[in-house]
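The next block holds one structure in the form of C-alpha cells; read it before the comments.
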Amino acid sequence: MGRLEPLTSLALGRSPYDDVVPGEGEADPHEPEKQYDSLGRIINPQTKQIIKDVIRAHNEVMLVIGVAEPENGGINTADVEMAKQYSEYESDTGKTLYQLGTSLGILSTWGVLNVRRRILVYKRRADISFVRLLKTEYKSHSLLELCFSGYPCHMVMHGLRFTSRYLRSDRDKKHPWILGALEYVRFHLHLFLTMQRLDLVPASQLLPSLKFFIPFSSSSPFSAPPLPESFTISSIFGWVGRLVANLAPYATFYLCGYMWQIACSILRSHIRKHLPRPILTLPPNNRIPPSTNATQRQPLPESPTLGVADREIRHQNPEADTTTPLALDQPSGETIPVGSIRRQSTFSSRGGEDYGTDEEDSEMVNPTLISFDVDTSESNEPPAGVWSAELRPSFPGDPRQQSKEAPIYIVNPLTNLPSSLASDILANFITNIFFIPLDSHAFPIVARALARKNGLPYEDMCDGSFLGGLTWRSVLNIIQLDMIKLLISGEVWALTTVVSQWLHVTEEEWKEMRKEEDQEAMGGLLH
C-alpha cells in the first residue's frame, strides 16, 4: 500500500508529497523568499511569526470564552505573593502570641510556685491549715518578694533555653560543647533560683556572681572534700567517694527535673490530640491514593489539535498533580488526577517552531465530534434504529441524601493557639500532681546541701527521705495551690484566646486590608 494523504488536504491545496513545480508569471518583488523543509512546508521566519500570532490569538479567544484554562491554573503572581504574606502574618502572630501567653501565665503564677516549693521543704509549713499558710507567707514576705522572687533569673534561663533550641536545630552542629556549656549555666541558674525561693538568698540579689559558676569555689554550690594526706589507692578512692556523695543531691535534683520535663512533654502531646483544634483534612472522596506502579489509569481521549509539545505535557507524570473527586465512570474510591483532565489540548504550544506529523495532520482535518439528533415530532413512539442520549448525575441516588462536604479549616499557629496553650496548662497541672512524691524528695535534699554549703541552718528542713516529709495536710495544701494556679492560668488562656480571635483574619479580609493600605499609601503620595 502506498502512502495516501487525506483527501481534504488534497482539496485544500498542494500535498507535501507532490513535486515542487515553479509557478508561471512575474514574481512579486514585495513577497519574501520562501523556504521549505523536506516535506515542502514553508519555514521562513515571516511565516513562522504569522503562525505564532495566529496560535496566540487562538489561545486568547479560547481563554476568554472559557473553553481553555491557562497553564498556571489562572493563578496570579500578585495573589501568590499576597497568600504568602497572609501565611507569614498568621504564623508570626500565632508564635508571638503563644510566647506572650506562656510568659504571662508563668508570671501570674510565680508566687504560687514559690509557696509550693517552701511547703515541700520546710516542716513548719507542712502541718498548718491553708488559710494560716497564706497569712504566714503574707507576713514574712513583701508583695514583690512573694510574687517576683527569682523571676529575673528565670528570664535568663528562658533566653538560654531558646539559644539551645536554636543551636540544636542547626544542621552543622560544629560546636557541640556550646550546648554543654549552656546546660551547665542553666543548671546553676536553676539552683540559684531555688535558693531564692527557699529564702536562702535575699531576693534583692537578682543574679548570681561569676564565682557561683566556678566549680568548688567559695561561692559555688558544689563543695569538694579536703585533699587526701597520702595519694594511696584507698585514700584516693575514699576522696572520690566523698566527692560523689557531695554531688549526689544535685544529680538527684537534675534527674528529677529532667524526668518532669519528659513526662510533661509526653502528656502534653496526648492532651493536644484530644482537644478540639482545627485539623487539615480532605473530604472523604478526595483521598489521595498511594502512588504505586501497579495502578494504571484509563487514558482519556486526546484532542485532535494536540501537537508534539502538547502530547509531552499530556503524558507527564500525573502523580505530582492534586487529585480531584470527579466521577468520570471510575470505580468508587478512585480519583483522577487533575493533570489528566485539564483542557490543555485547547492551547497550542507549537508556536511556529514545530509542525505536526502526518497522522496529526490527518486528525486535525478529520475530527470526531459528538452530535445529538433531536426529534421535534409529537409522536410518543420512538423511531426504530435511532439512538437516544440521557444525562445522568455523576453520583447515584438521591442528591438530598448525599453527604455534605467537610468544612475546610485554616490551620496555622494562630488558629492552633487555644489548643496548644490549653494543653500546656493541663499538662503542667497533671504533672505537678503526679510528681509530688519525687518533688518531696528532690527539693529537701538539695536545699539541705545548699544550706550546708553556705553555713545556714537546715534543722527546720525535711530530711529528704522518700515520702518522709509529706503529710496529708501538706499534700492538701499543695493540691489547693495547684488548683489556684490552674484557675489563674485559665484566665490567662481566656485572655490570650480572645486576643488571638481578634487578630485572626481570613484570606479575603487580608486582601481587603492590603487593598485599603495600598489605597491609603497612594493617596498619601498624591497629597
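Just to compare against my own numbers: the Cα pair-distance distribution for the range 114-243, 5 Å bins, whole % per bin, please.
Reading the bins upward from 0: 2, 9, 14, 14, 13, 13, 12, 10, 7, 4, 2, 0.
What is the calculated FRET efficiency for residue 135 to residue 206, with r their C-beta to C-beta distance and R₀ = 35 Å, to the nearest 0.05? All intermediate terms of the calculation are to be shown ahead of the outcome.
On the way: r = 28 Å, r/R0 = 0.80.
Efficiency computed from Cβ-Cβ geometry: 0.80.
Structure shown: which of 84/273; 135/485; 139/211 lie over 22 Å apart, alpha-carbon to alpha-carbon? Please report the intermediate quantities before stating the final value.
Numbers: 84/273 28 Å; 135/485 18 Å; 139/211 33 Å.
Distance filter (> 22 Å) returns 84/273; 139/211.
Can you work out the accessible area per residue across the range 141-256, with the rest of the protein chains kept in place, probe 1.4 Å, in square angstrom?
Each residue of the range 141-256 exposes 61 Å² on average to a 1.4 Å probe.
Simple spin-label model, 7 Å along Cα-to-Cβ: residue 56 to residue 229 in nm?
10.3 nm
Based on the mean of other beta carbon atoms within 10 Å per residue, what is the order of 180-186, 494-500, 228-234, most packed first?
Peptide ranking by packing, descending: 494-500, 180-186, 228-234.
Heavy atoms only, probe 1.4 angstrom, no DNA, RNA or ligands counted: give me 62, 259, 195 ranked by accessible area, highest first. Intermediate results must be reported in sequence, preceding the final value.
Working: 62 40, 259 95, 195 5 Å².
Ranking 62, 259, 195 by accessible area, largest first, yields 259, 62, 195.
Given the whole protein assembly as supplied and a 1.4 Å probe, what does the accessible area of residue 64 come to in Å², nearest 10?
Roughly 120 Å² of residue 64 is accessible to a 1.4 Å probe.
Can you give the FRET efficiency for residue 273 and residue 248, using 1/(1 + (r/R0)^6), R0 = 41 Å, r = Cβ-Cβ distance, to the nearest 0.05? Mind showing how you got there, number by number?
On the way: r = 38 Å, r/R0 = 0.94.
Approximately 0.60, to the nearest 0.05.
Taking 0.36 nm per intervening residue step and subtracting the Cα-Cα distance, what contour gain separates residue 36 from residue 95 on full extension?
14.7 nm
Extent of the range 469-527 along each principal axis, from alpha carbon coordinates, in Å, largest to smallest?
76, 23, 14
The values are calculated or read from the model by the stated rules, or taken from the named source; none is laboratory data. It should be emphasised that the depicted structure is a prediction, and the values quoted were computed from it without experimental measurement. Because the Cβ atoms are built from the backbone with ideal geometry, glycine has one as well, and the counts that use them run over all protein chains shown. Calculation scope for accessible area: heavy atoms of the full protein, side chains included, ligands and nucleic acids excluded. Shrake-Rupley method; radii C 1.70, N 1.55, O 1.52, S 1.80 Å.
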